[in-house]
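Shown next, in structure tokens, is the structure this report addresses.
Bear in mind these aren't lab numbers, they're just calculated from the coordinates by the rules spelled out. From a predicted model like this one, the values you see are computed outputs, not experimental measurements. Neighbour counts run over all protein chains shown; Cβ positions are idealised from the backbone, glycine included.
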Amino acid sequence: MVDSINIQVEQSPDSRLSQVDFNNLKFGQILSDHMLVASYDKGSWQSVRILPYGNLPLSPATSALHYGQAIFEGIKAYKFEDDRVSIFRPDKNYERFNKSAVRLEMPEVPEEIFIDGLAKLIDLDRNWVPSTPGASLYIRPFMFGTEAALGVHPSASYQFIIITSPVGAYYNKPLRVKVEIEYTRAAEGGVGFSKNAGNYALSLYPTRIAQQEGYDQLIWTDAKEHKYVEEAGTANLVFKVGDTLITPSAETILHGVTRRSIIELARHWGYKAEERKVTVQELLEGIENGTVTEAFAAGTAATLTPISVIGFDGKDYTLPDPDNREFSNRVLAYLSDLRYGRIEDPFGWNYVIG
Ligand code: COI
């Protein structure tokens with residue numbers, strides 16, 4: 001085991017910070033100066049180092065490249081007006097990461113490496129956390145099997161790495177989404193709840209088809225009947241039906257931290273909030289008869305992105321103007337105020353590293 005938290009730090013000799021245009025950040029294109037790299041071998045975590053960001057030496061036989069033992073997380077750090085840096089609910093991502101690890105037959109990562117390592121890395125690269133409005137530092141912890149072997153078995157060795165990237169919005173306009181009823185993201189008993197690389201690879205082909213049809217993203221439906229709405233692949237889904245917030249619930253979807261926070265806030269504010277199965281039919285009828293007044297994608301990268309149009313079977317169903325959506329706008333404003341430290345944090349969601 002790693003002896004408590006012994007993280008060696010090798011500082012980058014040349015910072016790339018001065019080359020960054022913080023007023024024009026795209027998602028995930030610029031990587032910060034440092035990364036954390038932890039190695040697992042022979043049944044235990046061997047070393048944890050913070051190094052200058054750089055390429056990894058990999059064998060072409062690296063098992064993750066062949067058999068897909070690769071999982072990740074998405075977390076964001078925010079800069080307060082007084083220059084302190086805060087990470088939003090990293091404990092939830094930590095829990096989910098280890099659930100993904102267990103399902104993919106990978107070792108769990110100790111809290112001392114995931115949480116303390118994260119805090120140390122962000123503290124070192126704190127000047128990379130943007131202070132520009134709406135921007136944040138996206139944190140990408142990931143782990144993959146590194147054994148150089150071609151037999152199908154759990155890798156004997158792994159690397160757990162954290163890289164970070166100053167980002168703006170993932171989506172910069174309301175989404176047109178297509179209900180997908182031909183292809184499937186996840187089936188019961190599968191890996192839909194885990195954040196593994198394969199779940200994203202399989203989405204690319206159906207998403208491209210939807211984009212050629214004029215949509216931005218998909219709404220995945222259940223594998224058996226394509227009758228129930230699941231998630232958007234890049235984010236979870238939330239709908240406002242009458243005075244109730246509804247989010248699809250299933251083992252096949254990713255249990256998002258943003259989605260959870262929004263549902264907790266809705267309940268705290270006295271809204272009814274339900275996590276349950278939602279049929280495509282219920283959703284489309286609700287848009288047509290005016291009971292579904294809001295729909296949005298919720299995720300770390302997506303934050304809260306309004307859905308403007310839902311396409312199904314060649315027909316587009318248009319939702320009310322995002323500017324007039326009472327709950328979405330309220331919750332987005334509240335979460336921004338909380339994350340940037342402009343208001344009290346009554347739930348203890350900000351992990352302030354100082
Ligand atoms: C996240 O929201 O952190 C994700 O991993 C989604 C991905 C599309 C960037």
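Taking a straight line from the alpha carbon of K224, these lysines sit under 24 Å away, with near neighbours fewer than eight places off in the same chain left out: K178, K195, K277, K315. Computed over neighbours whose Cβ is under 13 Å from that of E275, the net charge equals +1, Lys and Arg +1, Asp and Glu -1. Modelled spin labels at T132 and N172, positioned 7 Å past Cα toward Cβ, are 1.0 nm from each other.
Expressed as a rounded percentage, what relative contact order does the chain have, with Cα pairs under 8 Å and six or more residues apart? Present the calculation step by step, with values, prior to reporting the outcome.
Numbers: 735 pairs, mean separation 64.0, N = 354.
Relative contact order for the chain comes out at 18 percent.
Judged by the ratio a/c of the largest to the smallest principal axis of the C-alpha gyration tensor, the stretch 139-212 counts as oblate, that ratio being 1.5 or greater while a/b is no larger than b/c.
Measuring spread by the Cα atoms of the stretch 107-252 yields a radius of gyration and Dmax of 18.7, 55 Å.
Evaluated over the Cα positions of the stretch 8-168, the convex hull gives a direction-averaged projected area, one quarter of its surface, of 9.7 nm². Placing a pseudo-label 7 Å from each Cα along the Cα-to-Cβ vector at K315 and Y200 gives an inter-label distance of 3.6 nm. Values of log10 I(q)/I(0) for the chain across q = 0.15 Å⁻¹ run -1.36, by the Debye formula with one identical scatterer at each alpha carbon and no solvent. The three principal axes of the C-alpha atoms in the stretch 175-339 carry coordinate ranges of 38, 32, 24 Å, sorted with the longest axis first.
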